[in-house]
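Worksheet: one structure, shown below.
The values are calculated or read from the model by the stated rules, or taken from the named source; none is laboratory data. For clarity, every value in this text was computed on a predicted model and none was experimentally measured. When we count neighbours, we look across all protein chains shown, and the Cβ atoms used for this are built from the backbone with ideal geometry, even at glycine. For the accessible areas, the whole protein counts, side chains as well, though only heavy atoms, and no ligand, DNA or RNA atoms are used. Shrake-Rupley method; radii C 1.70, N 1.55, O 1.52, S 1.80 Å.
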Amino acid sequence: MKIDLKNKVVVVTGAANGIGRVITQQMLKEGAKLAAWDIDGEGLKSLNSELGKDSSEVLFVKCDVSNESDVKQAVELTVKAFGKIDVLVANAGVAHFGKVVDMDSSVWDEVFSVNTKGVFNCVQKVAPIMKENNFGRIIIASSFAAIVPSADSAAYASSKSALISLTRVLSAELGEHNIT
């Protein structure tokens with residue numbers, strides 16, 4: 001796929017590992033300036049070594065998306081480094097599986113805190129910047145599990161299902177500002 005992201009600033013949450021790492025690599029290939037946010041500091045160091053990019057192209061920020069003050073600081077650092085945010089790829093997530101009747105409520109809370117509240121925190125802090133620039137793209141990573149959940153996936157599937165509704169609401173709220 002070829003997308004021209006030259007002069008675009010892209011934030012990828014959950015950038016250090018898995019799908020987020022691949023998204024990060026691809027966005028850079030497409031010419032983006034990139035802010036890689038992740039709670040995994042060692043993973044960010046590894047990604048930094050792998051990419052070998054200078055700080056004018058990539059910013060690495062240790063950030064827990066479930067923590068509003070972490071997200072606020074990550075946004076401030078990103079804007080300070082690049083002057084704007086054009087694209088948010090809300091990818092950070094956790095998955096814990098187990099039967100609802102056996103699940104500790106702290107597991108449920110953690111999954112929703114990262115997967116759902118984390119996206120809320122990021123959008124809430126990034127959207128005003130996009131509105132100011134009358135441009136933005138928000139990509140929210142849900143899951144097939146939101147549509148066809150499996151047994152033992154109540155927390156994960158429910159949190160990802162909530163993101164589908166959140167995406168629809170954001171479309172209605174932000175579309176008039178050229179944010180899709």
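Shown here for region 1-48: trypsin sites (Lys or Arg not before Pro) in loop regions (DSSP other than H, G, I, E, B) with at most 12 other Cβ atoms within 10 Å, namely K2, K6.
Net charge within 9 Å of V9 by Cβ-Cβ distance, Lys/Arg positive one each and Asp/Glu negative one each, not counting V9 itself? Walk me through the numbers on the way to the answer.
Numbers: positive: K8, K33, K84; negative: D86.
With Lys, Arg at +1 and Asp, Glu at -1, the net is +2.
Roughly how far apart, in whole Å, are the Cα centres of region 9-75 and region 116-164? Each part reduced to its Cα centre gives a spacing of 18 Å.
Classify region 42-180: rounded, prolate or oblate, from the alpha-carbon gyration tensor (a ≥ b ≥ c, eigenvalue square roots; a/c under 1.5 rounded; otherwise prolate if a/b is larger than b/c)? Intermediate values should be presented prior to the final figure.
Values: a/c = 2.25, a/b = 1.40, b/c = 1.61.
In terms of gyration-tensor shape, oblate.
Quick check for you: which residues of region 164-180 have the amide N under 20 Å from the point 7 Å beyond the Cα of K84 toward its beta carbon? In region 164-180, the label zone of K84 (backbone N under 20 Å from the point 7 Å along Cα→Cβ) covers 174-180.
Surface composition of the chain: carbon and sulfur make up 54 percent of the accessible area, probe 1.4 Å.
All C-alpha pair distances within region 1-113, sorted into 10 Å bins from zero, spread as 14, 44, 27, 11, 4 percent across the bins.
In the assembled protein chains, V94 presents an accessible area of approximately 40 Å² (probe radius 1.4 Å).
Heavy-atom accessible surface of region 1-83, averaged per residue, reaches 53 Å², computed with a 1.4 Å probe.
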